[in-house]
Amino acid sequence: MKSPLLSLPGAVAADRPDQDVAAHYGEPVHEQRALEAGTAFVDRGNRGVIRVSGPDRLKWLHSLLSQHLEHLEPHRPTQALLLSPHGRVEHHLHLVDDGEAVWAHVEVGTAPALVEFLDRMRFLLRVEVADLTDRYAVVTGAVDVPGALEFPDVAGSSWIIERSALPRLPEAARPAGLWAYEALRIAAHRPRLGLDTDERTIPHEAGWIDEAVHLNKGCYRGQETVARVHNLGRPPRRLVMLHLDGSVDHLPAHGDPVELGGRRVGFVGTAARHHELGPIALAMVKRTVPVDAELLAGGVAAAQEVVVSPDTGANAQIALRRRPAAGR
């Protein structure tokens, strides 16, 4: 849904898939600093919002998702994944139970498919699933809306608010565009589903094991892959943050190849200009790429910062492998 804040002076729409919200309002660097300082907010109203109600909701979601939810306390936010039967990530949920229902916000454009799947899995349980994206929006940062549901985020907190409240927010805090949020998100090593991941991504590769997966819960779809990688093997790829050559006047695009020695070893996810770190990006690369190897990301020179260790899984002692010194 196109945001009403795109009508503000200076607003510039973001690129796909975020074209319904503002990339910036004319001062992207100042907006980023204000967001980091806690004096601005970001409209992320293009994200999906779903609600699951009914007395069986927590037990039911516990059986489907990767997180331990059966005894989730009211107003305690968490994350969860819906995996394919082969353990690949299909949906990433930020969720909280308000005592009457579970509310979740999900990646842009994914709510209809998620609700359709959940509806098929209700059977005779006492649950109801609704896509409320047309009525509720996600905002991040300095927001003061009584009764809004709160989620921890890279810029303080995110909130689910009634969509009708969006036009009033600039009266209380400075609006910042999505570019500001994305720069902070990349610097915090937080991947976005479908941008920093692809259809083959498993939880270990994206670093979601600690926050969105409970390793000691019962059976759920895709659990066998999670357990096998955690106990017996290592994932084939790993998420990295790239520090990009600041002398280049452009950022690599989503999907651009990451290369090592002329050979493709991964792909670029999202890139942004951070007000302190300079140009940065998240990328998915092969696990075997040495952690100190210099790479090319869409033709731009890049140095790695480890997000997911190449030795993650297999309950390994983590020691980052580096290239042998010359002459050895």
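The values are calculated or read from the model by the stated rules, or taken from the named source; none is laboratory data. From a predicted model like this one, the values you see are computed outputs, not experimental measurements. Glycine gets a Cβ as well: all are built from the backbone with ideal geometry, and neighbour counts include every protein chain shown. To get the accessible areas, we keep the full protein, side chains included, count just its heavy atoms, and leave off ligands, DNA and RNA. Shrake-Rupley method; radii C 1.70, N 1.55, O 1.52, S 1.80 Å.
Over the residues of the chain, the helix contribution to mean residue ellipticity at 222 nm works out to -4500 deg cm²/dmol, using -39500 (n - 2.57) for each DSSP H run of at least 4. Two decimals is fine: what is log10 I(q)/I(0) at q = 0.19 Å⁻¹ for region 236-306, from a Debye sum with one equal scatterer on every Cα and no solvent? Each listed q maps to, in turn, -0.62. Within a straight-line Cα-Cα reach of under 18 Å, LYS217 can be paired with the following lysines, leaving aside sequence neighbours fewer than 8 residues apart in one chain: LYS59. For region 131-167 and region 243-284, compute the distance between their C-alpha centroids and round to whole Å. Comparing the Cα centres of region 131-167 and region 243-284, I get a distance of 30 Å. Ligands, DNA and RNA are left out, and with a 1.4 angstrom probe the accessible area of the chain is 46 Å² per residue.
Share of carbon and sulfur in the accessible area of region 10-62 stands at 47%, probe radius 1.4 Å. Each peptide in 261-267, 44-50 receives the mean, over its residues, of other Cβ atoms within 10 Å, and ordering these scores from highest gives 44-50, 261-267.
Measuring nothing but protein heavy atoms, the accessible surface of region 236-306 at 1.4 Å probe radius is 51 percent carbon and sulfur. Within the listed set GLY207, GLY99, GLY255, the residue fluctuating most in the Gaussian network model of the chain (springs between alpha-carbon atoms under 10 angstrom) is GLY99.
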